[in-house]
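Chemist: What follows is a single structure, and I will ask about it in a moment.
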Amino acid sequence: MYNDEHNLYNYTYRKDGSELSHQRETVRPDGQPGPQGPELEVKPVKKNRMGLKIAALALSCALLGGAAGGGAVWAASQAGQDESEINVSSRPAAQVSLRSVDGKTALSDAEVYAANVNSVVSIRTSATAGYNFYGQPVETASAGSGFVLSADGYILTNYHVVKGAETVTVTMYNGDEFSAQYIGGEEDYDIAVIKVEAENLQPVTLGDSATLNVGDHVLAIGNPLGELTFSMTGGMVSCVDRAINVDGTPFNMIQTDTSINPGNSGGPLFNQYGEVVGIVSAKYSQSSNGTTVEGLGFAIPMNDVFSMVKDIMTNGYVSNRAYLGITPQTLTEGTAAQFHYDVTSGVFINYVEPDSAADKAGLKMGDVITKVDDTDIKSVEDLNLAKKKYSAGDTATLEVYRPDGSVTVEITWGAAPKEEQVQEQQAQQYPGSGNENYGNGNGGYYSSPFEDLFRYFYR
């Protein structure tokens, strides 16, 4: 048997990798020598005697039950027979039907996979991460996942999968490869749209993530480790509307115990009807005290980004992203004491842009935002997370502290300026050399400068 100390997917019968060469002689029921068989090395294990009796009884029951049900087990020889018999199941292999996703019919896991695997893609990217001592460019590569949005080649993935990439290659389930063009993205929501020149692709069906309940069964298909392409894993919804912080950016997530690994980023999270309800994005890999944890994965709810995805496909950027028009700062106890404020938390306004939503609502420098509708605001991160619930044109009520008395302010969210978004995306998408946020070349993860807990998936 092939044995390689670096190969984790092959096994051998002995620890040293050698095959068993010694044979032992067996005896048939009539007392005659039987065929030679492999010698098995058995080591006695000391166990509780009562445990052995119980195990023997359980084994006897299993043998009897298995024989009655037609399972593949050793059967006792009947009187007068010379050879032992083996019962082998005659059950035919299950046939997986290819069913369409209609949003009404619950599918088996195998049916979800068959209905969607042609819509999932593997993504490989490359970029120049600087130059070595001799002035030669150092290339880095990463891998992720994505899924087809439209038959003419639009594909959705995570922003961090393609951020800084100079080349993006998409591979379909049938092996077809395409060079992809970056259309646009939104880093605050970790979404990006890319496009390949193809026709008649099979798009996914998007579902309503608001209908998810804790305990619902979900499945993920993706490209773990950048090698095990089109793998499916399953689990349940562990929590909905889970607020987490990734690299200082707040996210509202679906928490799941579905197995998620590097390379799964950007892949779809399916409900039991075969609809995409989330975009796999991150996992909780380590607790604050250094304890390794498992089963804590996160996906971006589809409802949170659906309108932005359509906007990017149409305009190349998010034209309706809510915009307030202030320069914010988290209020600290030191700042509060300096200005003799009675509040010690909130968002302190350093500057108000003329003719912005904040200016039109009457906000001014020195105000402290403490609440947006029903959401308490204690930091800039809280404000950014709350802002994600709104689009340009939506209205909200702000509670604002002022030294001469707190006020309630009605605002209508503005839209982020196009020029600002385009320049921001270009700077982030094509940074040239020295992009510190691109891969580390060792297949590692990106670490949060704040908690070092949530990590993006890169190969």
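Chemist: Answer with yes or no whether Ala165 is open to solvent by less than 20 Å² (accessible area, probe 1.4 Å), under 21 Å from Thr249 (Cβ atoms) and of a type in the set (A, V, I, L, M).
Modeler: The answer is yes for Ala165.
Chemist: Now for a different question. Pull out all pairs, ordered by first then second residue, where Cβ-Cβ is under 7 Å, the residues are six or more apart or on different chains, the first lies in the range 195-211 and is charged (D, E, K, R), and the second is open to solvent by 60 Å² or more (accessible area, probe 1.4 Å).
Modeler: Lys195/Gln181; Glu199/Asp152; Asp208/Asn303
Chemist: Regarding the range 361-381, can at least one residue be identified that is more than 31 Å from the chain's Cα centre (by Cα), without any contact (Cβ under 8 Å) to a residue 60 or more places away in the chain and in a helix (DSSP H, G or I)?
Modeler: Within the range 361-381, one or more residues are more than 31 Å from the chain's Cα centre (by Cα), without any contact (Cβ under 8 Å) to a residue 60 or more places away in the chain and in a helix (DSSP H, G or I).
Chemist: In addition: Looking at the range 270-284, can you tell me whether even one residue there is over 10 Å from the mean Cα position of the chain (by Cα), over 26 Å from Gln202 (Cβ atoms), buried (at least 20 other Cβ atoms within 10 Å of the Cβ) and among the hydrophobic types (A, V, I, L, M, F, W, C)?
Modeler: No, that holds for no residue.
Chemist: Now for a separate question. Does Gly290 satisfy the criteria of being modelled with pLDDT under 90, surrounded by fewer than 20 Cβ atoms within 10 Å (Cβ to Cβ) and farther than 30 Å from Ser209 by Cβ?
Modeler: yes
Chemist: A further question follows. So for the range 141-148 (the condition being open to solvent by 20 Å² or more (accessible area, probe 1.4 Å), of a type in the set (A, V, I, L, M, F, W, C), within 23 Å of Leu228 (Cα to Cα) and not in a loop (DSSP other than H, G, I, E, B)), does at least one residue qualify?
Modeler: Yes.
Chemist: Considering only the range 395-410, how many residues are closer than 14 Å to Lys360 by Cα and in contact with a Phe, Trp or Tyr (Cβ under 8 Å, 6 or more places away or on another chain)?
Modeler: 2
Chemist: List pairs: first in the range 307-321 and within 16 Å of Ala416 (Cα to Cα), second open to solvent by less than 10 Å² (accessible area, probe 1.4 Å) and in a loop (DSSP other than H, G, I, E, B), Cβ under 6 Å, 6+ apart or cross-chain?
Modeler: Close Cβ pairs satisfying both conditions: Met308/Val318; Asp311/Val318; Arg321/Ala416.
Chemist: What are the pairs, 6+ residues apart or on separate chains, where a residue within the range 386-408 that is on the phi > 0 side of the Ramachandran plot has its Cβ under 8 Å from a residue that is open to solvent by less than 50 Å² (accessible area, probe 1.4 Å) and among the polar types (S, T, N, Q)?
Modeler: As it stands, the answer is Gly393/Asn320, since those pairs meet every condition given.
Chemist: Here are Gly184, Gly234, Gly266: which of them is assigned to a strand (DSSP E or B), closer than 21 Å to Ala115 by Cβ and open to solvent by less than 50 Å² (accessible area, probe 1.4 Å)?
Modeler: Being assigned to a strand (DSSP E or B), closer than 21 Å to Ala115 by Cβ and open to solvent by less than 50 Å² (accessible area, probe 1.4 Å) holds for just one of Gly184, Gly234, Gly266, which is Gly234.
Chemist: Still on this structure, I have one more. Quick one: is Ser319 open to solvent by 10 Å² or more (accessible area, probe 1.4 Å), hydroxyl-bearing (Ser, Thr, Tyr) and assigned to a loop (DSSP other than H, G, I, E, B)?
Modeler: Considered against the rule, which asks whether it is open to solvent by 10 Å² or more (accessible area, probe 1.4 Å), hydroxyl-bearing (Ser, Thr, Tyr) and assigned to a loop (DSSP other than H, G, I, E, B), Ser319 comes out as yes.
The values are calculated or read from the model by the stated rules, or taken from the named source; none is laboratory data. Remember, it's a predicted structure, so these values are computed and weren't measured experimentally. Note that each Cβ is placed from the backbone with ideal geometry, even for glycine, and that neighbours are counted across all protein chains shown. Ligands, DNA and RNA are excluded from the accessible area calculation, which covers all protein heavy atoms including side chains. Shrake-Rupley method; radii C 1.70, N 1.55, O 1.52, S 1.80 Å.
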